[in-house]
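Below: the structure, in structure tokens.
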Amino acid sequence: MNPFDAPGEWLKSALHTHSTVSDGTLPPDALVQAYVEAGFDLVAITDHWRLATPALRDDVVLLPGAELGFDMVSPTYPRQSAEFLVYGLDHVPDDPGGNRDNWLVNEVENWEVRTFPSLTVGMDWVASMDAVAYVAHPYWNHLPQVELTSMSGFAGIEVLNGGAQAECGRGDSSPWWDTLLGQGRTAFGIATDDQHYPLYELGLAWTMLRVRERSPEAALEALRTGAAYFSEGPALYEMAVVDGGVEVACSPCRSVLVQAEEEWGTSVNAGRDGRKQGRILQTTGDGLITRALVETPPNLRYRRVTIVDAAGRRAWSNPL
């Protein structure tokens, strides 16, 4: 599916954010207002093992969400577990059945951890509600790639967690994503800010959902089918597979990359010394790329686009 060819509109979406219902610093209604003022169209508050219920309003889509946990197969330190984001749920389970040695309650910081026995068991619970789940920040959790690929049922992964990237440089989980895609798995991506402290984290990254209408149901369908791109700054306007490669239109960028399995990624870069595996079709007055054709070999398992702006900020497409 190519969301750039689909009818509808784009919703700038916050898909991983925390309120005072768990360990955030703004109450749910105030948090939603902060996102609206920052230009967001959709907010999913994903508190830890708790379901926030902000008041409905006409100027933003509110998607029920939570951040839940699961036991890792081979943890490397005591009480190590990992997490997933679930959208479209109506409750969280009191006892998800995981190892209670991994369960934690931090009353001072107002958060808790419970776990399902595995990611796949958690995904079975998600499917029972017809909800949608994405694996949260696998790099930050140090979730082994082999463990991720052994599990099933999730729509995709959180490719960029802006808060984790700013905090410790472990927010970019692209290698985990490429491992799934390289094995022929269907896996979509999202980017988030994982906001706890809005002055520092709100708006670090977001996901653009292509929806047929402004509703939670349409947003869930976009998450389920990968009708999205995601960004920490630049914008993708058009993307199409054409003879010889992928054509991309975007906000001004210094690089347009098509990434694929094994060593088959290619790119077009601005500047005299840029290596051009394709053609720059349109630029700004100072030479930044706004349209390009990136050459790719035929018969690839997948192709996904990454663009990089002059400040080094990126945006990603879902796989074509």
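The values are calculated or read from the model by the stated rules, or taken from the named source; none is laboratory data. Keep in mind that what you see is a predicted model, and the values were worked out from it rather than measured. Don't worry about glycine lacking a Cβ; one is built from the backbone with ideal geometry, like all the others, and counts go over all protein chains shown.
Of Q195, Q145, which residue is at pLDDT 95 or above, in the same structural domain as V36 (by TED's automatic domain parsing) and either touching a Pro at 6+ places or on another chain (Cβ under 7 Å) or more than 22 Å from L220 (Cα to Cα) (or both)?
Q145
Being of a type outside the set (D, E) and part of a loop (DSSP other than H, G, I, E, B) is the filter; apply it to the stretch 107-133 and report the residue that is nearest to S231 (Cα to Cα). Can you show your working first?
Filtering the stretch 107-133 for residues of a type outside the set (D, E) gives 108, 110-111, 113-123, 125-129, 131-133.
Checking which are part of a loop (DSSP other than H, G, I, E, B) leaves us with 108, 110, 114-115, 117-118, 129, 131.
Numbers: V108: 33, N110: 30, R114: 30, T115: 30, P117: 32, S118: 30, M129: 29, A131: 24 Å.
Checked the stretch 107-133; the qualifying residue nearest to S231 (Cα to Cα) is A131.
Would you confirm whether any residue within the stretch 44-59 is without any contact (Cβ under 8 Å) to a residue 60 or more places away in the chain and in a helix (DSSP H, G or I)?
The answer is no, given that none of the residues of the stretch 44-59 is without any contact (Cβ under 8 Å) to a residue 60 or more places away in the chain and in a helix (DSSP H, G or I).
If you check every pair at least six apart or on different chains, which have Cβ atoms under 6 Å apart with a residue in the stretch 99-127 that is under 22 Å from T149 (Cα atoms) first and a residue that is small (G, A, S) and surrounded by fewer than 18 Cβ atoms within 10 Å (Cβ to Cβ) second?
What qualifies is P117/G97; T120/S152; T120/G153; M123/G153.
For the stretch 163-211, what are the residues that are in contact with a Gly (Cβ under 6 Å, 6 or more places away or on another chain) and at positive phi?
D194 - this is the single residue of the stretch 163-211 that is in contact with a Gly (Cβ under 6 Å, 6 or more places away or on another chain) and at positive phi.
Which one of these is on the phi < 0 side of the Ramachandran plot and touching a strand residue (DSSP E or B) at 6+ places or on another chain (Cβ under 8 Å): W103, W49? Show your work before the answer.
Details: W49 fails: on the phi < 0 side of the Ramachandran plot.
The match here is W103.
Going through the stretch 134-169 one residue at a time, which ones are in contact with a strand residue (DSSP E or B) (Cβ under 8 Å, 6 or more places away or on another chain), closer than 20 Å to A205 by Cα and either assigned to a helix (DSSP H, G or I) or of a type in the set (D, E, K, R) (or both)?
P138, Y139, W140, N141, E158, G162, G163, Q165 - these are the residues of the stretch 134-169 that are in contact with a strand residue (DSSP E or B) (Cβ under 8 Å, 6 or more places away or on another chain), closer than 20 Å to A205 by Cα and either assigned to a helix (DSSP H, G or I) or of a type in the set (D, E, K, R) (or both).
Just name the residue that is nearest to W140 (Cα to Cα) out of those in the stretch 45-85 that are surrounded by 19 or more Cβ atoms within 10 Å (Cβ to Cβ) and among the acidic types (D, E).
The qualifying residue nearest to W140 (Cα to Cα) is E83.
Go through L11, L42 for me and flag whichever is surrounded by 21 or more Cβ atoms within 10 Å (Cβ to Cβ) and in contact with an Asp or Glu (Cβ under 7 Å, 6 or more places away or on another chain).
L11
Out of R291, R303, report the one residue that is within 20 Å of the chain's Cα centre (by Cα) and either more than 21 Å from R210 (Cα to Cα) or touching a residue at least 40 places away in the same chain (Cβ under 8 Å) (or both). Explain how you work it out, then say what you get.
Numbers: R291 fails: within 20 Å of the chain's Cα centre (by Cα).
Unique residue meeting the criteria: R303.
To keep it simple, each residue is scored yes or no on (1) assigned to a strand (DSSP E or B); (2) touching a Pro at 6+ places or on another chain (Cβ under 8 Å); (3) surrounded by fewer than 21 Cβ atoms within 10 Å (Cβ to Cβ); (4) not assigned by TED's automatic domain parsing to the domain that holds V211.
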| position | (1), (2), (3), (4) |
| --- | --- |
| V241 | yes, no, yes, yes |
| S251 | yes, yes, yes, yes |
| V258 | yes, no, no, yes |
| V268 | yes, no, no, yes |
| V294 | yes, no, no, yes |
| P298 | no, no, yes, yes |
| I307 | yes, yes, no, yes |
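Could we say that A227 is closer than 14 Å to S317 by Cα, surrounded by fewer than 21 Cβ atoms within 10 Å (Cβ to Cβ) and in contact (Cβ under 8 Å) with a residue 24 or more places away in the chain here?
Against the criterion (closer than 14 Å to S317 by Cα, surrounded by fewer than 21 Cβ atoms within 10 Å (Cβ to Cβ) and in contact (Cβ under 8 Å) with a residue 24 or more places away in the chain), A227 does not qualify.
Restricting to the stretch 5-43, and then to whatever is part of a loop (DSSP other than H, G, I, E, B) and among the polar types (S, T, N, Q), can you tell me which residue is nearest to R210 (Cα to Cα)?
Per the stated criteria, the residue is S19.
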